[in-house]
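The values are calculated or read from the model by the stated rules, or taken from the named source; none is laboratory data. In this text, all values refer to a predicted model and were calculated from it rather than measured experimentally. Ideal geometry is used to build each Cβ from the backbone, glycine not excepted, and the neighbour counts take in all protein chains shown. We work out accessible area using only protein heavy atoms, side chains counted, and drop any ligands, DNA or RNA first. Shrake-Rupley method; radii C 1.70, N 1.55, O 1.52, S 1.80 Å.
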Amino acid sequence: ALEGFADGLKEQVSLIQNEQVRVTWMNFIHSKFSEKATNANKRRRDLAIAISREPSARTMDEVFEKAPKITRAYAVLDEKTLTRDLNVLTRMGLIKRASGRKVRPALEQIQSFLPRRNEIDC
């Protein structure tokens, strides 16, 4: 019974840690754009948030599939604008380019400030 209880606690701690990372990352993105209130920067912020919905690398088609707001924003723009925005987000350290034209959030920006998981295991 105690093993089951401990496993349940570990699962809850993991869920809480994942949620803390997600919230901290979203705050980090917003802080990067706090003084940049142009339409282009709002679009880039929203793109960074859409990419960050999943920690794994995804194609832009996969990002657009789950983010209708972003899809609508880029539907009226050309491919060069998307490429430029991705380059800006990469230079800002918010996303990383992966193989096969995939992108992922650069979560390592904040993960270095969090305790390692084995430091707080039950």
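Check which residues have an amide H placed less than 5 Å from residue 98's amide H, if you skip close sequence neighbours.
Answer set, sorted by chain and number: 103, 104.
Return the distance in nm (one decimal) between the two label points of a simple spin-label model at residue 101 and residue 1, each offset 7 Å from Cα along Cα→Cβ.
5.8
When ligands, DNA and RNA are left out and all protein chains stay put, how many square angstrom of accessible area per residue does the chain have with a 1.4 Å probe?
67
Which lysines have a Cα lying under 18 Å from the Cα of residue 69, excluding residues fewer than 8 positions away in the same chain?
Leaving aside lysines fewer than 8 places away in the same chain, those within reach of residue 69 are 42.
If you roll a 1.4 angstrom probe over the protein chains with everything in place, what fraction of the accessible area of the chain belongs to carbon and sulfur, to the nearest %?
53
Work the Kirkwood hydrodynamic radius out for the chain: mean of 1/r over every pair of different alpha-carbon atoms, inverted, in Å.
15.9
In the Gaussian network model of the chain, springs joining C-alpha atoms below 10 Å, which of 111, 12, 20 carries the largest mean-square fluctuation?
12
For the peptides 26-36, 94-104, what is the packing order when you average, over each peptide's residues, the other Cβ atoms within 10 Å and list the highest mean first?
Going from most to least packed, we get 94-104, 26-36.
Modelled label-to-label distance, residue 15 and residue 113, 7 Å Cα→beta-carbon offset: nm?
2.6
Treating only the Cβ atoms of Lys and Arg (+1) and Asp and Glu (-1) as charged, compute the dipole magnitude of the stretch 1-95 about its Cα centre; round to the nearest 20 debye.
640
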